[in-house]
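Step one of this worksheet: look at the structure below.
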Amino acid sequence: SDSGKRALEMNLFTLKKMAAGGIHDHLGGGFHRYSVDGFWHVPHFEKMLYDQAQLTALYLDAFQITREPIYEKAARDIIEYVRRDMTDKAGGFYSAEDADSLVETGKPEHAEGAYYVWKKDEIDNALGKTAAEIFNYCYGVEAKGNAPEGSDPRAEFRGKNILTQLHSLDDAARKFKLSVTEVETMVAESRQKLFNLRAKRPRPHLDDKIITAWNGLMISACARAYQVLDEPAFLEAATRAASFLRDKLYRIDSRELIRSYRQAASDVRGFVDDYAFLIQGLLDLYEASLDTQWLKWANQLQEKQDALFWDAQSGGYFSVSGSDPNILLRMKEDYDGAEPSPNSVSALNLLRLAQILGNRQFSQRAETILKLFSGKLSEGPASLPQMLVALDFHLEKPRQIVLAGQRDAADTRAMRRIVNRQYMPNKIVLLADGSTGQEFLSNGLEFIRTAKMMDGKATAYVCENFVCKLPTNDPAKLAELLASRK
């Protein structure tokens, strides 16, 4: 539809401008918290884990839809930043890096963005004349500083530059009469030099708390990145984080999550967002790895979440469990803000789990949530975009794609790559491995029992409402089946 096309264009345009702006760390990767001007140029320099996670997923969607490298680059660059600077050696993800830092080692002065901003002469001295000229042209570096009019009321950035991509490599190639490849190589070398130089500055404070909910979001991001970009290191990052949470932040006896970890698990029990976001992460990790251990854990956590937080009177989830004597009023999150509402995420989790495990109770719960929020959805749909995603999944009857084959065999991987290339948000992917995984799935979904390889090759069954088209062991044929809706 025209409005759908327009909405997509607005989204893609915004993502492009954000990736080019100063809100994006062009040297170290990742995104700052928000921008104080209309050009995405001057940020508040804090970096939050939940932003990195959700932006990764967005840029991956944009890349799947358009196949334009700019979106892939942004997604990779966020994950590389998180892997390098925000990951505990045991695998969990840290929470945030501060905005301000010491201006100089050994002196008491702190400043907003001190770690990230540049005086022009610092860059000129570091890069040498030609390289600096090209770099400064591409990133809008000026002698008097480059903060736009009105964006620096306290004059914190006078004489300082916040790198922002003002000119493309093509522009620079034309201006300096070089090939695009030459410019690209020079700018990449310059970025690396400045990155190394910046690393000698005093770093902003790292909040190294490992919060279960935010780790759930980042597990989703890494799992999705593995699917879309086929980069094994990203699946490894997701798997290590999930294992970390299971080892350190899960009480096996009571099946309860703990909220956070810093040198040891805290004594705060998990809130509803810890359950909802981790379950979502585990469902994404299952679709990426096709390893049923994550599905089993997601199912256990969903049952626990329902026991602790479900409102039996009117439906929906309270944010805290009823067992805390200090909390008199239990609230329900009904707004998708910087983080999505646990009710929105749970609605989709329940619908996905219902599809994967054949559990009617889960889909009834999801419908109850959608009904409960229907008034709010019709009055102000913009306040609950994530709930609309769940509603869309519910109304559109998702596809089930069953792959019969060995999990890590080359032919199964070829089939998985075809599935993962497509932008198909309303789908579930299941592996019929001819062994314990298939056994587990067929407990809930009888039809999985019959999925088998044909002629000893990995075989795909594309189904809607558990009615399957003729199976195929030919990747090209699978691509065709997926391209034809209904």
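The values are calculated or read from the model by the stated rules, or taken from the named source; none is laboratory data. The structure presented is a predicted model; accordingly, all values stated were derived computationally and were not measured. Here the Cβ positions follow ideal geometry from the backbone for every residue, glycine too, while neighbour counts run over all protein chains shown. With ligands, DNA and RNA removed, areas are computed over all heavy atoms of the protein, side chains included. Shrake-Rupley method; radii C 1.70, N 1.55, O 1.52, S 1.80 Å.
Residue count for region 48-77 satisfying the condition of being more than 17 Å from Asp336 (Cα to Cα) and open to solvent by 10 Å² or more (accessible area, probe 1.4 Å): 13.
Scan region 393-414 for residues that are in a helix (DSSP H, G or I), free of Cβ contacts under 8 Å to residues at least 40 places away in the same chain and either farther than 17 Å from Gly434 by Cβ or in contact with a Gly (Cβ under 8 Å, 6 or more places away or on another chain) (or both) and report the count.
To start, the set of residues in region 393-414 that are in a helix (DSSP H, G or I) comprises 393-395, 410-414.
Filter once more, keeping what is free of Cβ contacts under 8 Å to residues at least 40 places away in the same chain: 395, 410, 413.
Now restrict to residues that are either farther than 17 Å from Gly434 by Cβ or in contact with a Gly (Cβ under 8 Å, 6 or more places away or on another chain) (or both): 395.
Adding up the residues that qualify gives 1.
Within region 430-443, the set of residues being assigned to a helix (DSSP H, G or I), surrounded by 17 or more Cβ atoms within 10 Å (Cβ to Cβ) and not polar (S, T, N, Q) comprises Gly437, Phe440, Leu441. Please indicate, with yes or no, whether at least one residue in region 476-484 is open to solvent by 50 Å² or more (accessible area, probe 1.4 Å), assigned to a helix (DSSP H, G or I) and aliphatic (A, V, I, L, M). Yes - at least one qualifying residue is present in region 476-484.
Residue-wise test of (1) free of Cβ contacts under 8 Å to residues at least 60 places away in the same chain; (2) on the phi > 0 side of the Ramachandran plot; (3) of a type outside the set (Ser, Thr, Tyr).
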position: Ile210; (1), (2), (3): no, no, yes
position: Pro232; (1), (2), (3): yes, no, yes
position: Ala238; (1), (2), (3): yes, no, yes
position: Ser254; (1), (2), (3): yes, no, no
position: Asp273; (1), (2), (3): no, no, yes
position: Asp291; (1), (2), (3): no, no, yes
position: Leu295; (1), (2), (3): no, no, yes
position: Gln305; (1), (2), (3): yes, no, yes
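Could you please find all residues in region 88-98 being touching a Phe, Trp or Tyr at 6+ places or on another chain (Cβ under 6 Å) and open to solvent by 10 Å² or more (accessible area, probe 1.4 Å)? Selection gives Ala90 alone. Is it the case that some residue within region 100-109 is loosely packed, with under 15 Cβ neighbours inside 10 Å, touching an Asp or Glu at 6+ places or on another chain (Cβ under 9 Å) and β-branched (Val, Ile, Thr)? There is at least one residue in region 100-109 that is loosely packed, with under 15 Cβ neighbours inside 10 Å, touching an Asp or Glu at 6+ places or on another chain (Cβ under 9 Å) and β-branched (Val, Ile, Thr). The condition (being open to solvent by 20 Å² or more (accessible area, probe 1.4 Å), under 23 Å from the mean Cα position of the chain (by Cα) and either at pLDDT 95 or above or over 26 Å from Ala432 (Cα atoms) (or both)) is satisfied by just one residue among Asp273, Asp267: Asp273. Among the residues of region 229-262, just one is among the hydroxyl-bearing types (Ser, Thr, Tyr) and part of a loop (DSSP other than H, G, I, E, B), namely Ser254. Residues in region 447-475 that are touching a residue at least 12 places away in the same chain (Cβ under 8 Å) and surrounded by fewer than 16 Cβ atoms within 10 Å (Cβ to Cβ): Lys452, Met454, Asp455, Glu464, Asn465, Phe466, Lys469. Within the option set Gln280, Gln313, being closer than 25 Å to Ala53 by Cα and open to solvent by 10 Å² or more (accessible area, probe 1.4 Å) holds for one residue only, Gln280. When residues in region 12-39 are screened for being out of contact with any helix residue (DSSP H, G or I) (no Cβ under 7 Å at 6 or more places or on another chain), open to solvent by 30 Å² or more (accessible area, probe 1.4 Å) and assigned to a helix (DSSP H, G or I), 3 of them pass.
Working carefully through the options Thr212, Thr164, Thr239, Thr185, find the one that is hydroxyl-bearing (Ser, Thr, Tyr) and open to solvent by 60 Å² or more (accessible area, probe 1.4 Å). Explain how you work it out, then say what you get.
Values: Thr212 fails: open to solvent by 60 Å² or more (accessible area, probe 1.4 Å); Thr164 fails: open to solvent by 60 Å² or more (accessible area, probe 1.4 Å); Thr239 fails: open to solvent by 60 Å² or more (accessible area, probe 1.4 Å).
Just one listed residue meets the conditions, Thr185.
The set of residues in region 337-353 being open to solvent by less than 30 Å² (accessible area, probe 1.4 Å) and farther than 17 Å from Leu278 by Cα is empty.
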